[in-house]
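The values are calculated or read from the model by the stated rules, or taken from the named source; none is laboratory data. These numbers were taken from a predicted model, which means no experiment stands behind them. Ideal geometry is used to build each Cβ from the backbone, glycine not excepted, and the neighbour counts take in all protein chains shown.
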Ligand code: HEM
Ligand code: SF4
């Protein structure tokens, strides 16, 4: 597994805590939605940076009120064909203006990377060996023209307001 | 028609390059079949019984002669010389090699065509009324809106991995020729009390193993909101649609389980919350898209059309063709001509490369260079001067394309069935051929009048059998093909699902059973003016059940 | 009696496993498996060919000897073996090319 963030591999500073583990005094801590909801308000006010991991079926609404306290929202994709998390991501970015890290976790394949990025994910936890191989070899997704508004570094195309181009291709 | 700008051309070229790379990775063994399958499907490449199949989109059923010639070229050069038009305004090639598919897609891109999203759990080819832009009864041409939806849904990052496939259709006239009520979303163009034009929104229709007629969830979606409203429906579906069972994953099941009212509330709430200003269709944008589909300059022609009337008076065959295959055009002196791809005893929807080229030539000579594809698996020349019809008719006859049977019992919709399809449980084409032979001679079909027979080779219902006046579903029982018959379905604005008459029939007896139903209809109809569907609606299924099961 | 069939990766053609371990187009020359363990061994060979990206979608096909040779028993497999039962209209030029 490797963390691919904003187009490069990066170290992962986040620690996953389960119910039995004690909350550390500081650091980056990723909790399940249930664990987060159980966490006493006083503990939420510690020096720890919190993240919540949403499973499919768990909604953006469930953490909407807490987003100012969260530095990371991770969304699980149990199978690459399960696309619920794309909508969850867009709701977090567009409706709730979440500006922290948005991370996809699970079955993530090379040919979907742009879909993730364009829904507002800035980090992907990748396990698929073929995908890792391609990324390590420096391969990038190829599409530069998009027919609908997306998140991230895109510029509007003059031809229609919903059309966009990858920022790099527009400046090239 | 719509012309690609640089943006569109680059998009499709990039997509072809991407697929070329994916195919290369697959052939080199770097992608497993499980990983590759969804990628090839998103580019229209299926595996059937004998070979791969490539499904090419014909957006809203509109083709230029140049595009049709390219399809002919592909059929000849990469396939076995023919193509098959489907009920979804697509054309399928039945024999391409995987290694050739990127080359085929790149040839298609040269004529502004593609196979993007002709499969997969995404928004499929958006379909429209085949008479769009030409029919006299039309409120507005649906194609500009289909094109807008096509663009917005292409590789949409949020909606490329939906629970299941998603089909949208738009009808432009009160008489629904696009079967909008059996689509995931059906938009019917309507005029509201203030005289504005917009869309009535139907959601949750579909066929397959559990057929449903769609529910209307909104009387009027303003044009400006078409994309945002569609996005709201898709988002509710993407988040709430079932993913635990492939057979329950279509939006129709969500609407059914949640209830149409709750679905409407959820969509309205989502729409209110997440309206994206970039997706609002301004009058300028709408006008621009409408201009792509402007009616060609049709020079005024004399009315009545003397050439046409003269031939009609002398030539009964021509008169029959004119009454069966030609409908009224918006512009007086013109007609909309359907070219039947249902020759008597032929394979519904199949056309050879030579026939495609012949139609392309005829479209240039007589029809302002436009061709349409109908969901009934026929072609249409939308703008023909009636005075040119005699000459057109003669040339159609030369190419074996003048079968005068639109809407008749021999104009059968049939899916490929077990002759090609790996999901099939029975053959459908041979049944269609035999029914066509049975009724196709001595004016019998014309005497019977309008009667739609649709055949599917399995429960997936690609042949629309549920919404046929007489529907035939091919199943397998203990290794033997058996055919279940329904009556009383309709795909138009009076949409209804057919009623199963009883136990199935063997391949040998199914054509006799259909004939018995038709003979019964002829006996009980009040007059020649009472067509099969109206008669069924008056008398119900009882007389048909009786003739099939009780007299035996 | 069974044979093992699959689709060739490059063109989707129907192929059968023969006794040399090759994937060939003719059912008549396919290797015949008489016992269930043999069939399993054949399917294992298919798995290896799938992993090597030669074929896809392998499965066992029950066959029977008849007067005109070896044929698949079920209608579906017979259609796979012999092609569509309908006479599709191929264009002369394409037919000549093939
Ligand atoms: C390789 C060939 C094909 C395959 C594998 C295939 C597969 C399927 C499946 C699985 C369904 C059921 C979907 C569901 O209920 O969720 C379906 C429905 C449908 N297909 Fe096909 N199909 C094929 C060819 C065709 C052809 C040739 C046509 C047009 C003649 C067609 C048009 C449709 C239509 C209209 C429906 C029903 C509408 C609906 O989606 O509810 N398909 N197809
Ligand atoms: S209805 Fe069944 S047999 Fe016919 S094309 Fe669809 S999946 Fe194949």
Hey, residue B:449 away from ligand 2 (no atom under 16 Å from the Cβ) and within 14 Å of chain C (Cβ to nearest Cβ) or not: no
Could you please give the count of residues in region B:201-221 that are farther than 24 Å from residue B:456 by Cα and touching a helix residue (DSSP H, G or I) at 6+ places or on another chain (Cβ under 9 Å)? 7
Any chance you could count how many residues in region B:1-36 are in contact (Cβ under 8 Å) with a residue 24 or more places away in the chain, over 19 Å from residue B:108 (Cα atoms) and touching a strand residue (DSSP E or B) at 6+ places or on another chain (Cβ under 8 Å)? 0
Among (1) more than 11 Å from every other protein chain (Cβ to nearest Cβ); (2) in contact (Cβ under 8 Å) with a residue 24 or more places away in the chain, there is one condition residue B:227 misses while meeting the rest; what is its number? (1)
What is the residue count in region B:137-160 for residues that are in a loop (DSSP other than H, G, I, E, B), more than 15 Å from residue B:116 (Cβ to Cβ) and within 13 Å of another protein chain (Cβ to nearest Cβ)? 1
Of the residues that make up region B:401-413, is at least one more than 18 Å from residue B:325 (Cβ to Cβ), under 22 Å from the mean Cα position of the chain (by Cα) and either modelled with pLDDT under 95 or not assigned by TED's automatic domain parsing to the domain that holds residue B:359 (or both)? no
For residue B:431, the lone unmet condition from (1) closer than 21 Å to residue B:446 by Cβ; (2) more than 10 Å from chain C (Cβ to nearest Cβ); (3) within 16 Å of ligand 2 (Cβ to nearest atom) is (1)
Residues located in region A:113-157, provided they are more than 10 Å from chain B (Cβ to nearest Cβ), surrounded by fewer than 18 Cβ atoms within 10 Å (Cβ to Cβ) and part of a strand (DSSP E or B): A:155
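Residue check: is residue A:68 assigned to a helix (DSSP H, G or I) and in contact with a helix residue (DSSP H, G or I) (Cβ under 7 Å, 6 or more places away or on another chain)? Write out each step before concluding.
Numbers: assigned to a helix (DSSP H, G or I): yes; in contact with a helix residue (DSSP H, G or I) (Cβ under 7 Å, 6 or more places away or on another chain): no.
Judged against the criteria, residue A:68 is not a match.
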Within region B:439-475, which residues are assigned to a loop (DSSP other than H, G, I, E, B) and within 11 Å of ligand 1 (Cβ to nearest atom)? B:457, B:458, B:459, B:460, B:461, B:462, B:463, B:464
Enumeration of residues in region B:413-438 that are within 14 Å of ligand 1 (Cβ to nearest atom) and part of a helix (DSSP H, G or I): B:417, B:418, B:419, B:429, B:432
Take residue B:384 and decide whether it is in a strand (DSSP E or B), under 21 Å from the mean Cα position of the chain (by Cα) and closer than 26 Å to residue B:176 by Cβ. no
Residue that is farthest from residue B:451 (Cα to Cα) [pool: residues in region B:498-531 that are crowded, with 20+ Cβ neighbours inside 10 Å and in contact (Cβ under 8 Å) with a residue 60 or more places away in the chain]: B:510
